[in-house]
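K.L.:
Below you will find the structure I want to go over with you.
Just so it is clear, none of the values below were taken in a lab; they were calculated from the coordinates. Being a predicted model, the structure only gives us computed values, none of them experimental. Cβ placement follows ideal geometry from the backbone for every residue including glycine, while neighbour counts extend to all protein chains displayed.
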Amino acid sequence: MAKRQFKTESKKMLDMMINSVYTNKEIFLRELISNASDAIDKRYFRSLTDSSLGLPRDEYAITIDVDNEARTITVSDNGCGMTEDELNDNLGTIAKSGSGEFKSDNKDDDISIIGQFGVGFYSAFMVCSKITVTTRALGTGTAFCWESEGVDGYTVTETEKAEVGTEIVLYLKEDAENENYSDFLSSYRISDIIKKYSDYIRYPIRMQVETPRLIENEEGEESDDKSPKYETVSEVRTLNSMVPLWHRKASDVSEEEYAEFYKGHFYDRDAPLRTVHSRMEGSVEYEMLLFIPKNAPHNYYSKDFEKGLQLYSDGVMIMEKCSDLLPDYFNFVRGIVDSSDLTLNISRETLQQNYQVRTISKSIEKKIKSELQKMQKEQREKYEEFFKSFGAQLKYGVYSDFGMHKDVLQDLLVFRSTSSERYITLKEYVDAMPESQKEIYYAFADTAELAAALPRTQAVVSKGYAVLLLSDDIDEFTLSAIDKYAEKTFKNVTAGDLDLSTDEEKDTVKKANEDNAEMLSAMQETLAGKVKSVRFSATLSDNPVALSSEGYISAEMARILSRMPGNEAFANAETALEININHKLSNTLKELFASDKDKLSLYTKILYAQARQISGLEIENPVELSNMICELMV
Ligand code: ADP
């Protein structure tokens, strides 16, 4: 029998499993059980339209057998089974889309991979030296046996099997110095693992269990030995309670149980930041079990990411990812919705028009919002963690669809600000505004720290006003979509018309600009094509120069726009170079204008580069700048 080869990626994954240092190897059982349960679901579905394919409901089961001598564990199910082609397709290739992307050869990565993707069937190779899968597909008479000892391939042979379904025999590895595989042969250990990960599986998971039973002394029997006596009885036990976690009362489920369930069910390494479990009554009755994850999944910001909740009808999964249940801006939420009001054979097309689904999705949206608000109010640190992972999605939600959702989302946003170490909400900002302050100030740079260091930011702060510190590309777009918060407009501190000066200062600046008009226009000529004007300003605090914007697009916004194809035209923001009228430098410039125009031109170029740097923009030509500075030094 010729060996068939695994696909390259599967081979890598297998190799990783076989050499895994992952300590949580017990999860292989969870993976096999959940495959078995899915297979029974599939058979059950098909029997809804063709009853000859099904079994009486109470005959569906998953069975575990342990053979201590042979060191094998056998997991059997009477689900849909697999045809020869399916065997090749399913067990010869990696099914999980995400895991296929894994290209690293670093062995240490296996822990995160196993944690992140859930590796399915292959995880059994963490504990096995050989696996056989004997399976007979629904509606067929022949069975096939898949067999593999790992990376060097597998065989598929025809065989016989009395019943439809799948039987997987796991040949445990020999114990090694720090790995005790024999442990998995213990029925206690197996019961524990099933209880921990697969308790909610809706089909019975049965196993022959040896239990000690007290032998009662026969009445009147004489015995000196008064210690209790036991005999071992062997009985078939059902290991799982079969009640889906979400069918249980929230008050009966512990935090740990939710966390374990979440991790196992949604393949996350970390416990969720928040769990929402409730039963909704009304025109549509359903249960929801929602989780707000701690971290974004690896593909969250790629187009591969699919949002959606799992949809169940009375404990039976009808859809793995029902996207209609979640708005895009809450796409990070994972969870389960179970409603016995939904029919089993609902299709993707009818789903959108489905009244129940629309009702459910509306109330889910409300629920998520109120939970996030609660978390924001009661657990600010946790909320910040959440916001670091998913805040960009909320900001994008404000901006998308022409700002249609801003009322839902704007109070969920939090920002860094000059007023606090913590993130603050817009409401908190506005509530703390002094009477004299009319607008909400913000500054934008690559990092919040750089935004805080901008000359104009410092100038605003020195007036006693707080400044929101933005550093996400989306931030300014989001604020422009919000437009007004509590009747207050937003003002970029670098805006040309930022008005912080006293009347007296204004007069001084106006006069200086008039008196030095020739000098300023000479400087502007030096910077032709780069700035629209050069002028004096009284609002730069200690800084010699700064950039400000003349138009409604800030320099930073223009920079972001210019990165997007087709938007080059915006790149030429209407920028002004401002010179601090209170800085000694302004006198130097005036002197140079009178004595050495070439030097004035050199200074102007250097000052422009400095202003860009202070604003967190790139210096256009660093070599030229360096040469100019040297020229001055020599
Ligand atoms: P996943 O379950 O995530 O798809 P697996 O590697 O665990 O990935 O399984 C691959 C595929 O093999 C499954 O999608 C299913 O089609 C098939 N399969 C696995 N176990 C069984 C089983 N017990 N009965 C029928 N099909 C199975």
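K.L.:
Which value in deg cm²/dmol, rounded to the nearest 500, describes the helix-derived mean residue ellipticity at 222 nm for the chain, given -39,500 (n - 2.57) per DSSP H run of n ≥ 4 and division by the residue count?
P.N.:
Numbers: 21 runs with 238 residues, N = 634.
Estimated from H runs of four or more residues: -11500 deg cm²/dmol.
K.L.:
For the cross-link pairs Lys395/Lys530; Lys25/Lys196; Lys438/Lys463; Lys307/Lys369; Lys195/Lys249; Lys130/Lys173, which exceed 20 Å when the distance is taken from alpha carbon to alpha carbon?
P.N.:
Working: Lys395/Lys530 31 Å; Lys25/Lys196 14 Å; Lys438/Lys463 13 Å; Lys307/Lys369 17 Å; Lys195/Lys249 18 Å; Lys130/Lys173 8 Å.
Going by Cα-Cα distance, Lys395/Lys530 fall outside the 20 Å limit.
K.L.:
Can you list the lysines whose alpha carbon sits under 16 Å from that of Lys597, skipping same-chain ones fewer than 8 residues off?
P.N.:
Once the sequence-local lysines are set aside, what remains near Lys597 is Lys605.
K.L.:
Another question, then. In straight Cα distance, which aspartates and glutamates are under 19 Å from Lys484, not counting same-chain residues fewer than 8 positions off?
P.N.:
Reachable aspartates and glutamates: Asp401, Asp407, Asp411, Glu428, Asp431, Glu435, Glu439, Asp475, Glu476, Asp497, Asp499.
K.L.:
Also: Can you give the relative contact order of the chain as a percent, counting alpha carbon pairs under 8 Å and 6+ residues apart?
P.N.:
8
K.L.:
Within a Cβ distance under 14 Å of Ile360, other residues only, what is the Lys/Arg minus Asp/Glu net charge?
P.N.:
Details: positive: Arg279, Arg358, Lys362, Lys366, Lys367; negative: Glu281, Glu285, Glu287, Asp324, Asp338, Asp341, Glu365.
Net of charged neighbours comes to -2.
K.L.:
Quick one: which residues, 5 or more positions from Lys294 or on another chain, have an amide H under 5 Å from its amide H? H modelled 1.01 Å from N in the peptide plane, none for Pro or chain starts.
P.N.:
Leu273
K.L.:
Follow-up. Between the alpha-carbon centers of the range 56-85 and the range 603-634, tell me the distance in whole angstrom.
P.N.:
Centre-to-centre distance over Cα atoms comes out at 73 Å.
K.L.:
Could you work out, for the chain, what percent of all Cα-Cα pairs fall into each 10 Å distance bin, beginning at 0 Å and stopping at the bin that holds the largest distance?
P.N.:
The percentages, shortest bin first, are 3, 13, 18, 17, 14, 12, 10, 7, 4, 2, 1, 0, 0.
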